[in-house]
Amino acid sequence: MGDESPPAGAGPPAAAGGRGYGAAAMALHWALALLILVATGLALFREAFASQGVWMISAHKATGLTVLVLALARLAWRPGPPPPPLAGEIGRREAAVARAVHHLLLGLAVLVPRAGWAFVSLAPDARPLDYRGLASVPELPLAEEDSASFAWHEAHELLGFALVGLLLVHLAGALRHSLPGRETLTERMLPRRPRWLRRLVLFALLLWLAGLALDLAGIRLT
């Protein structure tokens with residue numbers, strides 16, 4: 001979710017240790033990644049587990065609002081320390097694609113929950129935004145209107161699918177750079193400790209892919 005700088009020429013690969021992102025940037029990146037997987041996964045699994053839909057959609061809203069807060073924090077962090085330079089084997093075209101994907105992912109991490117918040121706020125019926133026991137999140141100051149609420153709902157879903165598509169592109173690029181001899185790029189954003197973080201991300205990803213498969217296949221389990 002961070003910016004990628006253009007390659008500074010055909011230099012040696014970035015050395016492990018001093019050429020990675022800082023701890024704060026890594027924490028924001030991985031927190032956003034995990035929460036986006038959870039928020040979109042809840043929406044995907046909700047159709048398959050219809051009997052559990054009430055608490056799942058409530059958790060989806062709370063997680064989405066947290067994504068919005070963290071995405072805004074990431075935007076505020078952008079003027080901070082510059083990202084480490086890319087390795088010399090990364091071409092300019094590939095670097096430009098990586099930058100575009102990162103910018104779009106961060107933008108959608110703001111727009112998707114914002115559209116959902118507008119949809120809930122405009123809906124004539126009560127659709128509370130809460131953090132499971134904490135005080136309810138106030139609705140946006142918008143006049144209730146069913147047609148506008150529907151339009152924002154459709155925008156929320158379409159932008160959400162765009163976010164899912166970009167996640168797949170981002171993951172494909174990360175997997176490509178995880179191949180032997182090409183680990184330099186992914187190692188810039190992988191913390192060395194705790195090691196369980198990588199397993200947690202992999203588990204969340206596999207669970208998310210299972211939800212995506214169920215949703216695309218139209219399978220209903222309950």
Worksheet item: Using modelled amide H (1.01 Å from N, peptide plane; none on Pro or chain starts), what sits under 5 Å from the amide H of Leu129, excluding residues fewer than 5 places away?
Response: Val137
Worksheet item: Net charge near Leu68, counting Lys/Arg +1 and Asp/Glu -1 over other residues with Cβ under 12 Å of its Cβ?
Response: +3
Worksheet item: At a Förster radius of 35 Å, what calculated FRET efficiency corresponds to the Cβ-Cβ distance of Leu209 and Glu145, to the nearest 0.05?
Response: 0.40
Worksheet item: Given a Förster radius of 25 Å and the C-beta distance between Ala76 and Ala23 as r, what FRET efficiency does 1/(1 + (r/R0)^6) yield to the nearest 0.05?
Response: 0.90
Fill in: Leu140 long-range amide H proximity, modeled H, under 5 Å
Ser121
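Throughout, read-outs are computed from the coordinates displayed, never taken from laboratory work. Computed from a prediction, not measured in an experiment: that's the story for all the values here. Glycine gets a Cβ as well: all are built from the backbone with ideal geometry, and neighbour counts include every protein chain shown.
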